Amino acid sequence: MAVWIQAQQLQGEALHQMQALYGQHFPIEVRHYLSQWIESQAWDSIDLDNPQENIKATQLLEGLVQELQKKAEHQVGEDGFLLKIKLGHYATQLQNTYDRCPMELVRCIRHILYNEQRLVREANNGTSPAGSLADAMSQKHLQINQTFEELRLVTQDTENELKKLQQTQEYFIIQYQESLRIQGEALFAQLAQLNPQERLSRETALQQKQVSLEAWLQREAQTLQQYRVELAEKHQKTLQLLRKQQTIILDDELIQWKRLDVLQSWCEKLAEIIWQNRQQIRRAEHLCQQLPIPGPVEEMLAEVNPSGHLCSHSTFIIEKQPPQVLKTQTKFAATVRLLVGGKLNVHMNPPQVKATIISEQQAKSLLKNENTRNDYSGEILNNCCVMEYHQATGTLSAHFRNMSLKRIKRSDRRGAESVTEEKFTILFESQFSVGGNELVFQVKGRVPFAVPDKVLWPQLCEALNMKFKAEVQSNRGLTKENLVFLAQKLFNSSSSHLEDYNSMSVSWSQFNRENLPGRNYTFWQWFDGVMEVLKKHLKPHWNDGAILGFVNKQQAHDLLINKPDGTFLLRFSDSEIGGITIAWKFDSQERMFWNLMPFTTRDFSIRSLADRLGDLNYLIYVFPDRPKDEVYSKYYTPVPSKAVDGYVKPQIKQVVPEFVSASADSAGGSATYMDQAPSPAVCPQAHYNMYPQNPDPVLDTDGDFDLDDTMDVARRVEELLGRPMDSQWIPHAQSGVTLVDVLIP
């Protein structure tokens, strides 16, 4: 049975609720005479947040108007005359109302159909002993939804008024500049070149135009002032209605904790409307700065900003409470949720939530805004968790699954107080930014686009981690060890404790203008190069944890020293921006540790990292002890099938000259000549080395290369030859033009 037929059978309060759905925005007569057509259209298939769906909405609007006009034309007789006029009027009214915003028509009809179906369903289910209470709750929820609809309409109205004000002001500024041009000295200098009669005629015309323009400017200035006052009054009424709705949702409904998904929907609508009005008021403020005419914009901004703060603060809730009684060394769980996280795009940079335990007195002090954030009453293990966004449900939440109370710090008990009388609470806290992060280090009251000259290292750590995850598009951010490495690099320090850098500050020059000690690049250039190569070529390997990355050469050797031969790790190069090098252990008569010349984006465009590692058979384990093929085999390029046209297809293969003979021996002498030797384009190292093989002045006493000692030599050779020289690395046969073509049978 059609919904409209059942809706006409509603009685009592349900009938009143159904009638309240209609009005000038959509007359009930249209619903009645076009019920079959309306219910047959796919209103729910249109995505209201997708501007591309606007074409479908326009087609539905045109179809609705055409159906109304057809219905009006078919009305005949004396009784049909008035109905014909009324339906024609409704067709024109709907066309004028929704012509510029057809999506609003879709939203309106979807809202009507949804509530009609709900009312019919509730009526069919019959009444219950709790029916009166359910009716009261339903009436209250209906009132909330109607208020949201009213807020949406008035917000749309102020948006249109703001656009009209902007257009009027822009035209006013153009005419004002024209008035200044007429008064300008340059114009009168041009008049001096005319003969007296022409000059007199021209001056008279300009004076008349100036008088007319001045009168127009005075009228338009008053009109602009009137527009601003009217817009401010509408914003005041909207903010008043917003405060009332916010009180109902946050102070009444949220406390009762009924139907969390419905609460989230309300909170998201509330946050969205607050944000839209805040943006409108900021745009109005910008217009006032362009053309200073007094208005109450600053007062309204001061009023709407706390509403936004309260909305985001109050909707950060504990969905799953921890146990009321906690024991040390016992696991417990909890879940926190940010009801407005999806709507405010907080999930684009998921914040971290930290759980700490505080005493009853500390909790009371915190509610009084007293600074007690560093005073904790115990230690909780696994107390940090990153919030996760669930696309299907639209929820942003953090699940603490394995928290454990390690220890508790009790206050001194007096008299007969028992241990159980002392109460504690778990504090969940998080920091997130709403409205964009183009300025990470902004301060309250700052000049627009101005940032401090210096920031503390912990602040820079947060910014670097946020930037890193956003650029690389990875959930694997910077670890504590990574940040220690970056601090050592930036401050030229050897301390391995992150806490030692907490009080250090970083200036903008130190960050992005001054070269790092002994290098020809800045800290930011190096860090940006790391993000670039990861984003373009190495993101899967970084996500797999196969790239250690942020370690220097000596640290790499320390990590590898106790590992079996063939163990290797990947680290970011110190000498090459955006370079990544392989360090591995292979104990030989010459040396124990080997470092391959860095690969860059150019190299990975020719052959991927996984394929290069697959070519080097003497690399066996990924640090610490993972088999190489287990980590990288899924990224190997499949071997192409044999050609059918009689040609053998060549392949590029990674070769390290020092290990060619060793690889051939380990393979049982089965390697071909092409596997063992570089192409004729590569000069044999034994005949053309710049320095004798033994002893080598650029090697350390243990046989390892020392980058710092060789840089001066390399630069000198570069000056002599007019090209770079990479003598500090073991060359691989894919640097520049030194590509080796080998035949793979």
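Of the conditions (1) crowded, with 19+ Cβ neighbours inside 10 Å; (2) within 34 Å of the chain's Cα centre (by Cα); (3) of a type outside the set (Asp, Glu); (4) within 26 Å of Ala610 (Cβ to Cβ), Gly545 satisfies every one except a single condition; which number is it?
Unmet for Gly545, out of (1) crowded, with 19+ Cβ neighbours inside 10 Å; (2) within 34 Å of the chain's Cα centre (by Cα); (3) of a type outside the set (Asp, Glu); (4) within 26 Å of Ala610 (Cβ to Cβ): (1).
This table checks each residue for (1) surrounded by fewer than 17 Cβ atoms within 10 Å (Cβ to Cβ); (2) at pLDDT 80 or above; (3) of a type in the set (Lys, Arg).
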{"position": "His235", "(1), (2), (3)": "no, yes, no"}
{"position": "Gln246", "(1), (2), (3)": "no, yes, no"}
{"position": "Gln279", "(1), (2), (3)": "yes, yes, no"}
{"position": "Gly308", "(1), (2), (3)": "no, no, no"}
{"position": "Cys311", "(1), (2), (3)": "no, no, no"}
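Conditions: (1) more than 24 Å from the chain's Cα centre (by Cα); (2) at pLDDT 85 or above; (3) exposed (fewer than 14 other Cβ atoms within 10 Å of the Cβ). Val484 meets all but one. Number of the miss?
(3)
Among the residues of the range 1-56, count how many are aromatic (Phe, Trp, Tyr) and more than 25 Å from Gln93 (Cβ to Cβ).
First, pick out the residues of the range 1-56 that are aromatic (Phe, Trp, Tyr): 4, 22, 26, 33, 37, 43.
Right, trim to more than 25 Å from Gln93 (Cβ to Cβ) and you get none.
Here the count works out to 0.
Within the range 543-566, count every residue that is assigned to a helix (DSSP H, G or I) and under 23 Å from Trp594 (Cβ atoms).
Residues that pass the stated criteria total 8.
Does at least one position in the range 530-540 carry a residue that is modelled with pLDDT of 85 or more and not in a helix (DSSP H, G or I)?
The answer is no, given that none of the residues of the range 530-540 is modelled with pLDDT of 85 or more and not in a helix (DSSP H, G or I).
Here are some conditions: (1) aliphatic (A, V, I, L, M); (2) touching a helix residue (DSSP H, G or I) at 6+ places or on another chain (Cβ under 9 Å); (3) at pLDDT 75 or above. Val451 meets all but one. Which one does it not meet?
Here Val451 clears every test but (3).
Got at least one residue in the range 567-584 being within 19 Å of Ile620 (Cα to Cα), charged (D, E, K, R) and not in a strand (DSSP E or B)? Steps first, answer last, please.
Start the filter on the range 567-584 by keeping residues that are within 19 Å of Ile620 (Cα to Cα), which leaves 567-571, 580-584.
Going one step further and asking which of them are charged (D, E, K, R), we end up with 571.
From what is left, the residues that are not in a strand (DSSP E or B) are none.
No.
Starting from residues that are touching a residue at least 40 places away in the same chain (Cβ under 8 Å) and among the aromatic types (Phe, Trp, Tyr), keep the ones in the range 457-514 and report whichever is nearest to Glu388 (Cα to Cα).
In this case the residue turns out to be Phe468.
Residues checked against (1) at negative phi; (2) among the hydrophobic types (A, V, I, L, M, F, W, C); (3) in contact with a Gly (Cβ under 8 Å, 6 or more places away or on another chain):
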| site | (1), (2), (3) |
| --- | --- |
| Leu460 | yes, yes, no |
| Ala463 | yes, yes, no |
| Glu471 | yes, no, no |
| Asn492 | no, no, no |
| Leu498 | yes, yes, no |
| Ser507 | yes, no, no |
| Met531 | yes, yes, no |
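Being at pLDDT below 85 and of a type outside the set (Gly, Ala, Ser) narrows it down to one residue among Arg110, Arg152, Arg121; which is it?
Values: Arg110 fails: at pLDDT below 85; Arg152 fails: at pLDDT below 85.
Being at pLDDT below 85 and of a type outside the set (Gly, Ala, Ser) holds for just one of Arg110, Arg152, Arg121, which is Arg121.
Matching residues to (1) at pLDDT 85 or above; (2) surrounded by 12 or more Cβ atoms within 10 Å (Cβ to Cβ):
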position: Val3; (1), (2): no, yes
position: Met18; (1), (2): yes, yes
position: Gln24; (1), (2): no, no
position: Pro27; (1), (2): yes, yes
position: Tyr33; (1), (2): yes, yes
position: Gln52; (1), (2): no, no
position: Ala57; (1), (2): yes, yes
position: Glu73; (1), (2): no, no
position: Phe81; (1), (2): no, no
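Quick one: Arg100 ticks every box in (1) within 25 Å of Glu149 (Cβ to Cβ); (2) in a helix (DSSP H, G or I); (3) out of contact with any Leu (no Cβ under 6 Å at 6 or more places or on another chain) bar one, so which box is it?
Among (1) within 25 Å of Glu149 (Cβ to Cβ); (2) in a helix (DSSP H, G or I); (3) out of contact with any Leu (no Cβ under 6 Å at 6 or more places or on another chain), the lone unmet condition for Arg100 is (2).
Here is a yes/no grid of residues against (1) over 27 Å from Leu10 (Cα atoms); (2) part of a loop (DSSP other than H, G, I, E, B); (3) not β-branched (Val, Ile, Thr):
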residue: Glu39; (1), (2), (3): no, no, yes
residue: Asp49; (1), (2), (3): yes, yes, yes
residue: Ala57; (1), (2), (3): yes, no, yes
residue: Leu60; (1), (2), (3): yes, no, yes
residue: Ile85; (1), (2), (3): yes, no, no
residue: Thr92; (1), (2), (3): yes, no, no
residue: Leu105; (1), (2), (3): no, no, yes
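Filter the range 529-541 down to residues that are under 13 Å from Leu570 (Cα atoms) and surrounded by fewer than 19 Cβ atoms within 10 Å (Cβ to Cβ), then give me how many there are.
The total comes to 0.
Could you figure out which of (1) in contact with a Leu (Cβ under 7 Å, 6 or more places away or on another chain); (2) at pLDDT 85 or above isn't true of Tyr521?
Only one criterion in (1) in contact with a Leu (Cβ under 7 Å, 6 or more places away or on another chain); (2) at pLDDT 85 or above is unmet by Tyr521, namely (1).
The values are calculated or read from the model by the stated rules, or taken from the named source; none is laboratory data. Keep in mind that what you see is a predicted model, and the values were worked out from it rather than measured. Note that we place each Cβ from the backbone using ideal geometry, even for glycine, and neighbour counts take in every protein chain shown.
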